[in-house]
1. Quick one: compute the contact order of the chain, relative version, from alpha carbon pairs under 8 angstrom and 6+ residues apart, as a percent.
2. Can you give the calculated 222 nm mean residue ellipticity of the chain, where each DSSP H run of n ≥ 4 adds -39,500 (n - 2.57) and the sum is split over every residue, rounded to the nearest 500 deg cm²/dmol?
3. Which of rounded, prolate, oblate describes the stretch 162-311, given a ≥ b ≥ c as roots of the alpha-carbon gyration tensor eigenvalues and a/c under 1.5 marking rounded, otherwise prolate only if a/b is larger than b/c?
4. Fewest Cβ neighbours within 10 Å first, please rank 246, 2 accordingly.
5. Against the longest principal axis of the chain, how steep is helix 364-375, in degrees 0 to 90 to the nearest 10, with axes from Cα atoms?
6. When the Cα atoms of the chain are enclosed in a convex hull and the volume is divided per residue, what value in Å³ results?
7. Rounded, prolate or oblate: which fits the stretch 217-375 when a ≥ b ≥ c are the square roots of the eigenvalues of the alpha-carbon gyration tensor, with rounded for a/c under 1.5 and prolate only if a/b beats b/c?
8. In whole percent, what relative contact order does the stretch 3-213 give with Cα contacts below 8 Å and a gap of six or more residues?
């Protein structure tokens, strides 16, 4: 009987952690959940998951807001040498055999170091965090010191240098060295990612409980050709992704379209065009995609290359129109260009003969023309 600690910092991660843990518990293991309070309603969702009964214990840890990369790096290095920034109360009093994370962050690294100090044989697994787990993005984050399973010659130099130094000095305490990756559909994993995979096979009773729990705050859309913009994470400084989304929103407003806008759970700021959009940030997106597949089939989902764009086909077998904006945000030489390109490949594999519903504009004007064609 092994003990697992799952770390989650988004609603999707909490959902996937519960699905993954339910199968492990069926095998006789035990699991607890540590929720990082960096998104709205984290505490409320923790109460919901406590009632579902998958986890032995759930603790919500307060957000420790540091947005500047240099300070985040200092946080991680300090964690390696025992500095504690997270106000974790009781959940780490227990000893764990496994740590399961979805995506490396300074917070996950601190938890990793604190667990490793108690158990030198701690094993780390990753679990699905949307398309980033399939296209390799979670292995290329600036917050991982590992030599990642996905090797990309175009990765930012500072990451390469950090990894090179740490690996050269054999500083193993800095490395997650994940032994497996839990996925809903392992067959969609990008070629070249050399890591063992396990399929997430949740217990049906857990799915039923989740559906019942989140039915109290349902999302709703009119039965029409809805345009839904799935925002990227927004921090204090703009980036190519947020700028591309904002330029697209500006074009929609010029066309006198008031799109639905779903805020990213990690965002700390809003788009300047938020007030011109209809808010679709509440409820639980994955369950909505499962229940309202028919309405979503006639919608247009716009984003850079968001996990949420593929949720309708993965969760509900619906095939809405998809518009990927990554070519408006990145050049072909950017490491993220290939990452998002593989997200499109996943979508095309899922859509099959309906791949003509997938739109990849090369310019803002082309995107505008495609939107005009959609609403006509």
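Values in this text are rule-based calculations from the coordinates and carry no lab data. Since we're looking at a predicted model, the values are computed, not measured. Neighbour counts run over all protein chains shown; Cβ positions are idealised from the backbone, glycine included.
1. 14
2. Using -39500 (n - 2.57) per qualifying helix, the result is -12000 deg cm²/dmol.
3. oblate
4. Starting with the residue having the fewest Cβ neighbours, the order is 2, 246.
5. 70
6. 134
7. Rounded is the answer for the stretch 217-375, as its axis ratio a/c remains below 1.5.
8. Values: 336 pairs, mean separation 45.4, N = 211.
Worked out over the stretch 3-213, it gives 22 percent.
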